[in-house]
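The values are calculated or read from the model by the stated rules, or taken from the named source; none is laboratory data. Because the structure is a prediction, the values reported are computed rather than measured. Glycine also receives a Cβ, built like all others from the backbone with ideal geometry; neighbour counts cover every protein chain displayed. Each accessible area value is taken on the protein alone, full model and side chains, heavy atoms only, with ligands, DNA and RNA left out. Shrake-Rupley method; radii C 1.70, N 1.55, O 1.52, S 1.80 Å.
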Amino acid sequence: MAIFDELKSIAGTLREADKIPQYEQILGIQEKLLEMQNKISELDTENRALKEKLETKESLSYENNAYWIVKDDKKNGPFCSSCWDDNKKTIRMQPCGNPAFFDCPVCKNKSVQIDPNYRSMFIKRSPPSSR
Ligand SMILES: [Zn+2]
């Protein structure tokens, strides 16, 4: 970073000129600048996570005790409604036995869904013949 290089150069000059109090002042400024840089990085990470959560919240659709993320007309899920409502965590529900039954691996919340991926399986099944 250019600022750090400039401060290092100034510090070097002050040290060579034997201006120790000013040299130490520059070292203190460098340290504070580094702390500020770390704080900015921390806030940037937090901000990105919050934006991601907001984007998720805006794309959630609630169906049969579960959430789906609807984006560009594509459905992704189901995600546990309890975990999202409580902790804002998108926990993918797992199929258990029957492909229409899902439960949350974290809180064991249950949902019955017709997953779009399984729908074709139901459609392909031929209806009982009416002889
Ligand atoms: Zn859950």
* For the range 27-66, how many residues meet the condition of being over 16 Å from the mean Cα position of the chain (by Cα), under 19 Å from Lys110 (Cα atoms) and not in a loop (DSSP other than H, G, I, E, B)? -> 4
* Total residues in the range 63-83, condition open to solvent by less than 80 Å² (accessible area, probe 1.4 Å) and either more than 10 Å from the ligand (Cβ to nearest atom) or in contact with a Leu (Cβ under 7 Å, 6 or more places away or on another chain) (or both) -> 9
